[in-house]
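What follows is a set of notes on a single structure, which appears directly below.
The values are calculated or read from the model by the stated rules, or taken from the named source; none is laboratory data. As the structure is a computational prediction, the values presented were derived from the model and not from experiment. Note: ideal-geometry Cβ built from the backbone for every residue, glycine included; neighbour counts use all protein chains shown. These area figures cover heavy atoms from the full protein model, side chains too; ligands, DNA and RNA do not enter into them. Shrake-Rupley method; radii C 1.70, N 1.55, O 1.52, S 1.80 Å.
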Amino acid sequence: MSTKTSADSGSSKFLPVEPFDIIVFGGSGDLALRKLMPALYHRWQDQQIPATSKIIGSARTKMSSEEYRQLVRDKFEEFYPEDKLAEETWNAFAEHIHYVGVDALDQKSDDWDDLKDLLDGSDEKLRIYYLALPPGIYGQVSANVDANGLKTDRTRIVLEKPIGSDLESAREVNDSVGEVFDEEKIFRIDHYLGKETVQNLLILRFANSLLEPVWNSRHIDHVQITVAETVAAGERASYYDKAGALRDMVQNHLLQLLCLVAMEPPIDLEADSVRAEKIKVLKSLRKIDSGTVRADTVRGQYKEGSVKGKPQKGYAEEVGHPTDTETFTALKVHIDNWRWSETPFYLRTGKCMSGRWSEIVIQFKSVDHLMLAPESGRVQPSRLIIRLQPDEGVKLMLMTKDPGPGGMRLRYVPLNLSYAETFAPRYPDAYERLLMAVVRNNLGLFMHRDEVEAAWRWVDTILGAWSRDDVPVHLYTAGTDGPVQASVLLDRDGREWFDGA
Ligand code: BG6
């Protein structure tokens, strides 16, 4: 693992893509300006985007393309102050940015003609609609695109999460978009699937002869998946208050991670093969219902405190009224299948925690027999830590003998693969990779409707039990790692959370 690899490892090669036109509805919103436009700029900068492509922002507000370019630039500089824009590259990129003011909910609006003019003569070219909009209107916007003659045979559509807020609403969204677009033209984003380290999970598991044979209940004691954030609900509070951590993070990101850790080897890496295995995992999740919900789940909400030295209001104060929306949740999850029946998966995620880290910890079982004298020190079972962000890497914790004289003294030390030290300094972020994956028609990095619906089916049972059984929301001080009940969840099983700090 210590072998130094340089950029020639392949991490700096970009596969060329065909020319495309991308239309971002919700083009003046936070997602478009914070993530999508910067992502497209970076792909442009690396010369991956062909010069005949068009990048079209669209929203209800009227503004000129020139004003929109300035907005994109200002936001880029605000969000990425370290990332100095190269003037010449920016100017060339900006020439490809256009803006059209369209009320995408108004089918009869004349504004659609402006979009048509811009796309005129490009029916053969790949066309992508990116809906950076609330999911409740995905169907209507799709229908309006179609009714205005703006859907070609080569059109794909990208939907942001959340797809619905429960199984029923997810089905409605999927059905309504499905009336206009075939499933293989629909790209449902879970941006975690675009993260470098998440993609690496498959390789780590299935390309290493050391790991796959021990990847099961016989050798693994338990698995922990943590996505901890320092950010508050803040400006997103009005959305967040209707969602909460279970809907916002667990239904999608954490369950996708769980699927990649737990699934059986797919027959190949084609989208359908990988999705089929993920769906089997989702279907094997043991229901958490009234009988188990109090024992196996924890709900938390941050109260006033300080995060990384900055004072932080309590969540209820932020939203301006008392609320029982959870900003933290921890769950003990069982997968009822051959491979995992004895191995619990503990999931936790929260806002306003002590640090920002996302990590998967595979805790192996102890060795069967120890011939060492107790004074040698505590023997700890091996642990594999997959760090998704920040400072991405993979660590394997092993027992070794402390070198030198003094008898047999043991030490628990890491074999450490740090991405920053091993690979090229910059690789594409999740949105860069996913946008190019849409162009390259790589559906494997997106969620099929069956996956989304299977995840909701499981989450809905918990949501139902939470409200039926009045499961309490425990307060935790902002800047800490959730309520004490989250520690009790593991403590009860003789385990503890591994601190990702
Ligand atoms: C989003 C959630 O999907 O993911 C946000 O809606 C959350 O609430 C974000 O903050 C976390 O993403 P990342 O990439 O910063 O871990």
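Okay, residues lined up against (1) modelled with pLDDT of 95 or more; (2) surrounded by fewer than 20 Cβ atoms within 10 Å (Cβ to Cβ); (3) within 16 Å of the ligand (Cβ to nearest atom); (4) at negative phi:
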residue	(1), (2), (3), (4)
145	yes, no, no, yes
158	yes, no, yes, yes
180	yes, no, no, yes
199	no, yes, yes, yes
203	no, yes, no, yes
213	no, yes, no, yes
218	yes, yes, no, yes
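Residues in the stretch 120-143 that are closer than 14 Å to residue 177 by Cα and either in contact with a His (Cβ under 7 Å, 6 or more places away or on another chain) or loosely packed, with under 15 Cβ neighbours inside 10 Å (or both): 134, 136. Pairs meeting the criteria (first residue in the stretch 62-79 and of a type in the set (Val, Ile, Thr), second residue assigned to a helix (DSSP H, G or I), beta carbons under 9 Å, at least 6 apart or on different chains) are 72/32; 72/33; 72/37; 72/38; 72/41; 72/94.
Total residues in the stretch 459-501 satisfying the condition of being under 16 Å from residue 346 (Cβ atoms) and open to solvent by less than 40 Å² (accessible area, probe 1.4 Å): the figure is 9.
Residue count for the stretch 390-423 under the criterion of being touching a helix residue (DSSP H, G or I) at 6+ places or on another chain (Cβ under 9 Å) and within 14 Å of residue 197 (Cα to Cα): the result is 7. Scanning for something open to solvent by less than 10 Å² (accessible area, probe 1.4 Å), in a loop (DSSP other than H, G, I, E, B), in contact with a strand residue (DSSP E or B) (Cβ under 8 Å, 6 or more places away or on another chain) and within 16 Å of the ligand (Cβ to nearest atom), does the stretch 162-170 turn up at least one residue? The answer is yes, given that some residue of the stretch 162-170 is open to solvent by less than 10 Å² (accessible area, probe 1.4 Å), in a loop (DSSP other than H, G, I, E, B), in contact with a strand residue (DSSP E or B) (Cβ under 8 Å, 6 or more places away or on another chain) and within 16 Å of the ligand (Cβ to nearest atom). When residues in the stretch 426-453 are screened for being within 16 Å of the ligand (Cβ to nearest atom) and surrounded by fewer than 18 Cβ atoms within 10 Å (Cβ to Cβ), 2 of them pass. Residue count for the stretch 222-236, restricted to those that are more than 11 Å from the ligand (Cβ to nearest atom) and open to solvent by less than 40 Å² (accessible area, probe 1.4 Å): 5.
When the stretch 245-283 is limited to residues that are out of contact with any helix residue (DSSP H, G or I) (no Cβ under 8 Å at 6 or more places or on another chain) and not charged (D, E, K, R), the one that is nearest to residue 472 (Cα to Cα) turns out to be 245.
What single numbered condition from (1) in a helix (DSSP H, G or I); (2) modelled with pLDDT of 95 or more fails to hold for residue 227? Exception for residue 227: condition (1).
Here is a check on your reading of the model: is residue 459 outside any loop (DSSP other than H, G, I, E, B) and in contact with a Phe, Trp or Tyr (Cβ under 7 Å, 6 or more places away or on another chain)? Spelling it out, it is not the case that residue 459 is outside any loop (DSSP other than H, G, I, E, B) and in contact with a Phe, Trp or Tyr (Cβ under 7 Å, 6 or more places away or on another chain).
Quick one: in the stretch 182-197, of everything that is open to solvent by less than 40 Å² (accessible area, probe 1.4 Å) and within 14 Å of the chain's Cα centre (by Cα), which residue is nearest to residue 274 (Cα to Cα)?
Residue satisfying both the conditions and the ranking: 193.
Residues in the stretch 416-425 that are open to solvent by 80 Å² or more (accessible area, probe 1.4 Å) and either in contact with a Gly (Cβ under 9 Å, 6 or more places away or on another chain) or not in a loop (DSSP other than H, G, I, E, B) (or both): 416, 420, 421.
Among residues of the stretch 309-330 that are within 26 Å of residue 469 (Cα to Cα), those with a beta-carbon under 6 Å from a residue that is among the aromatic types (Phe, Trp, Tyr) at least six positions away or on a different chain give the pairs 315/302; 327/302; 327/315. Taking into account only those residues within the stretch 61-76 that are among the aliphatic types (A, V, I, L, M) and assigned to a helix (DSSP H, G or I), which is surrounded by the most Cβ atoms within 10 Å (Cβ to Cβ)? Of everything passing the filter in the stretch 61-76, 72 is surrounded by the most Cβ atoms within 10 Å (Cβ to Cβ).
Condition first: aliphatic (A, V, I, L, M) and without any contact (Cβ under 8 Å) to a residue 40 or more places away in the chain. Now tell me which residues in the stretch 474-487 satisfy that.
484
For the condition assigned to a strand (DSSP E or B), of a type in the set (S, T, N, Q) and touching a residue at least 40 places away in the same chain (Cβ under 8 Å), residue 441 does not qualify. Scanning the stretch 245-255 for residues that are open to solvent by less than 10 Å² (accessible area, probe 1.4 Å) and either near the ligand (Cβ under 10 Å from one of its atoms) or polar (S, T, N, Q) (or both) turns up 245, 248, 252, 253.
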